[in-house]
Amino acid sequence: MPSTLLSRRDLDFLLHEWLRVSELVERPRYAEHSRETFDDALDLAERVATEQFAPHNRAADLAEPTFDGQRVRLIPQVRAALDSFAETGLLTAGLDATVGGLQLPHAVAAACFTWFQAANVATSAYPFLTLGNANLLLAHGSPEQVDTYVRPMLDGRFFGTMCLSEPHAGSSLADITTRAEPQADGTYRLFGTKMWISGGDHELAENIVHLVLARIPGAPPGVKGISLFIVPKVLVGPDGSLGERNDVALAGLNHKMGFRGTTNTLLSFGDGAHTPAGRAGAVGHLVGAPHQGLAQMFHMMNEARIGVGAGATALGYTGYLKSLAYAKERPQGRPVGAKDPAAAQVPIIDHPDVRRMLLAQKSYVEGALALVLYCARLLDEQKTAPAEADRERAHLLLDVLTPITKSWPSQWCLAANDLAIQVLGGAGYTRDHDVEQHYRDNRLNPIHEGTHGIQALDLLGRKMIMQGGAGLTLLTTTIGDTVERAGKVGGEAAELADRLAAAVDRITAVTRRLWADGDPVLALANASAYLEAVGHVVIAWMWLEQVLALPAESAGDAFHAGKRQAARYFFTVELPRTGPQFDLLESRDRTTLDMRPDWF
Ligand SMILES: Cc1cc2nc3c(=O)[nH]c(=O)nc-3n(C[C@H](O)[C@H](O)[C@H](O)COP(=O)(O)OP(=O)(O)OC[C@H]3O[C@@H](n4cnc5c(N)ncnc54)[C@H](O)[C@@H]3O)c2cc1C
């Protein structure tokens, strides 16, 4: 039975036939690896995700975490799964050997992790957050901080969080008020409230390492005055032993629509619930220099944003595969034009409208997976390309693609989950099938790690115009390279390439037009339409790239034929959606801008 979590055939195609990850083993960082070690890691991820993560996905949704005022309780399968995950060593798959990592290419590590997100996105959130936290400290922490906090996290003994949001400050982190008072011994005491903190409290690990944004008194206003602190739930001694309970307390759990297996918390820092060294105040350790907190956090957020896109993709993918399996089994109705009411019913996949819904899902989830893995491959380039110019190029392209890789799957793989429910009909609307949970779980993704609207401002207001428009130029010329290769191939690839080239020209023209007079108010008024249109062009590019990776002669291969048909679908049905969006943007439409709040 093929898996209904992800398609291994698709992963192999993307990683090997398209992204050619095996060629990376020629680089020193990956010299210990081979195609076999990559495949072994993927096999292991699939097996542990299938056997340990998928079985309690529904149970953790139905029995969400509870708090009795003292302790947070989760169903026991969560801890058992996380213990199994720690044993795989996959938490450190992409990390340096010096910290015990496997030094797998990011593209392979990302593909491995996608199995866990597809199987159980809520349980996989704990290692996801822990890895992001550890990566940030590896980049910005002191050697002592790495030894004290990162190593136990990588061993699976400590878990990590990211504490940015406050009840009054979500999108606008400039307005956070948590304060960090310097102490004579070089530590800080933190006071404030953090909201929405995922994995903020539980007993799944010996300790929780909170990474907290706060202001040091006298700091400059706004984002330039935010610093980053390590605040452990339990204080850690110089020898690594666990000591007193720190003054971080769970004020309450949030009860969510989805992602229910991940605790989501309101945390109080320094309100005296615990009194380390006899007094209130959460003991914190500054990471790096003061006032660098947001820049440092962005290190983690960029990675987290691509990870959110990967999670959205994984949920879309498994919903697609489950609705596909259902459509092949479910008998209902007869073909249009069938005359005999006594004839056997056909499976619903025989109805063109059901195939439309499946094809739309396939084009979204396989397009999104390609983008996620392409970005992971760019991370490998950024880290290991022999020429510095190539490393810089990968860095800039990744910067431009990050808001799209976060937002496009969050929007369209959620749309895929919506279609998966529709394919199942009434059954899709019940809790007897997984697809309704996938939809609820996926609905978080356009909200956290920067909402859809915030990603749109980032793309149009920063990424496309930074370095004098270098981001825009790099994106369009990189797509242009694909167009050129497809043109040389000729036939259908060249036809698709012409359509893609026309859409790319519109991105350039529209971006210039929007910024013609440099007025950000008007330029950014329809930024969401811009994000969506550019996102669709980028996914069309991913589809053309996949078409080019197919062998020229593969008429009899169903997988290859399916790829070609999904590419055709995306270009025929989806890419034209961008026309009206580009028209709206080109006209510098003021409708939303001129709508006054008192007219609603
Ligand atoms: C389940 C869950 C888990 C989370 N996990 C974490 C976590 O682990 N750590 C953490 O720090 N945070 C976490 N968050 C918080 C999350 O990042 C915020 O919810 C998100 O950034 C939005 O902030 P907000 O909820 O305050 O909404 P608001 O910022 O109030 O936004 C509300 C609406 O207004 C729009 N908006 C706001 N400002 C602008 C603007 N300038 N321009 C255009 N539109 C704007 C937004 O796009 C949105 O549609 C989590 C949230 C949830 C729901």
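FYI, it's all coordinate maths here, none of it is from the lab. These numbers come from a predicted model, not from an experiment. In this analysis, Cβ positions are derived from the backbone assuming ideal geometry, glycine residues included, and neighbour counts consider all displayed protein chains.
Compared with the dominant principal axis of the Cα atoms in the chain, helix 76-88 is inclined by about 80°. Could you state the angle between the C-alpha long axis of helix 121-140 and the longest principal axis of the C-alpha atoms of the chain, as a value from 0 to 90 degrees rounded to the nearest 10? Relative to the chain, helix 121-140 is tipped by roughly 60 degrees. Please work out the C-alpha center-to-center distance from segment 447-512 to segment 288-316 and express it in whole Å. Comparing the Cα centres of segment 447-512 and segment 288-316, I get a distance of 23 Å.
Suppose every Lys and Arg Cβ carries +1 and every Asp and Glu Cβ carries -1, with no other charges. What dipole size does segment 140-283 come out with about its Cα centre, to the nearest 20 debye?
Details: 12 positive and 14 negative charges, 83 e Å.
In debye, rounded to 20, segment 140-283 gives about 400.
Separation of segment 523-600 from segment 192-233 is 38 Å, based on Cα centroids.
Only one residue of 336, 600, 487 has its Cα farthest out toward the positive end of the dipole of the chain, where Lys and Arg carry +1 and Asp and Glu -1 on Cβ, and that residue is 600.
Scaled to the compact-protein estimate 2.2 N^0.38 Å, what is the alpha-carbon radius of gyration of the chain, rounded to two decimal places?
Values: Rg = 24.6 Å, N = 600, 2.2 N^0.38 = 25.0 Å.
Taking N as the residue count of the chain, the ratio is 0.98.
Relative to the dominant Cα principal axis of the chain, helix 106-119 is inclined by about 90°.
If I take R0 = 35 Å and measure r between the Cβ atoms of residue 223 and residue 58 in this structure, what FRET efficiency does the formula 1/(1 + (r/R0)^6) give, to the nearest 0.05? Efficiency, from the Cβ-Cβ distance: 0.30. Along its three principal directions, the equivalent ellipsoid of segment 526-600 from the Cα gyration tensor extends over semi-axes of 38, 10, 9 Å, largest first.
I'd like to compare 49-58, 346-355: which one has the highest average count of other Cβ atoms within 10 Å, and what's the full order after that? Could the numbers behind the result be given before it?
Working: 49-58: 20.4, 346-355: 16.3.
Top of the packing list down: 49-58, 346-355.
At a Förster radius of 35 Å, what calculated FRET efficiency corresponds to the Cβ-Cβ distance of residue 557 and residue 447, to the nearest 0.05? Please report the intermediate quantities before stating the final value.
Numbers: r = 40 Å, r/R0 = 1.14.
Efficiency computed from Cβ-Cβ geometry: 0.30.
Descending by average beta-carbon neighbour count within 10 Å, the peptides 450-460, 566-576, 103-113 line up as 103-113, 450-460, 566-576, the highest first. Net charge dipole, segment 374-447: roughly 120 debye, given to the nearest 20, about the Cα centre with Cβ charges of +1 for Lys and Arg and -1 for Asp and Glu. Among the GluC sites (Glu not before Pro) in segment 511-558, those placed in a DSSP loop whose Cβ has at most 10 other Cβ atoms within 10 Å are 553. The spacing between segment 408-434 and segment 52-126, judged by their C-alpha centroids, is 24 Å.
Would you kindly state how much longer the chain becomes between residue 350 and residue 477 on full extension, computed as 0.36 nm times their sequence separation minus their alpha carbon distance, in nm to one decimal?
Taking 0.36 nm per residue and subtracting the Cα distance, the gain is 41.6 nm.
Enter the per residue convex hull volume of segment 79-145, computed from alpha-carbon coordinates, in Å³ rounded to the nearest integer. Kindly include the intermediate steps, with their values, before the conclusion.
Working: hull volume 6.0 nm³, N = 67.
Once divided by residue count, the hull of segment 79-145 is 89 Å³.
Taking segment 458-496, which trypsin sites (Lys or Arg not before Pro) meet the DSSP loop condition and have no more than 16 other C-beta atoms within 10 Å?
Working: sites: 462, 463, 485, 488; in loops: none.
Of the trypsin sites (Lys or Arg not before Pro), not one in the loops of segment 458-496 has a Cβ with at most 16 other Cβ atoms within 10 Å.
For residue 251, the residues whose amide H sits under 5 Å from its own are 266, 267, 268, ignoring neighbours fewer than 5 places away on the same chain, with H placed 1.01 Å from N. Note on the chain: helix-only mean residue ellipticity at 222 nm, from DSSP H runs of 4+ residues weighted -39500 (n - 2.57) and normalised by residue number, equals -16500 deg cm²/dmol.
Please give the peptides 384-394, 19-29, 415-425 ranked by average Cβ packing (other Cβ atoms within 10 Å per residue), highest first, as a rough proxy for protection. Spell out each step's value before the answer.
Values: 384-394: 13.5, 19-29: 16.0, 415-425: 22.9.
Ranked by mean Cβ neighbours within 10 Å, highest first: 415-425, 19-29, 384-394.
Test of the criteria: in segment 232-329, which trypsin sites (Lys or Arg not before Pro) are in a DSSP loop and have at most 12 other Cβ atoms within 10 angstrom of their Cβ? Intermediate values should be presented prior to the final figure.
Values: sites: 233, 245, 256, 260, 279, 305, 322, 328; in loops: 233, 256, 260, 279.
The qualifying sites are 279.
About its Cα centre, the dipole of segment 225-337 is roughly 760 debye, where the only charges are +1 on Lys and Arg Cβ and -1 on Asp and Glu Cβ.
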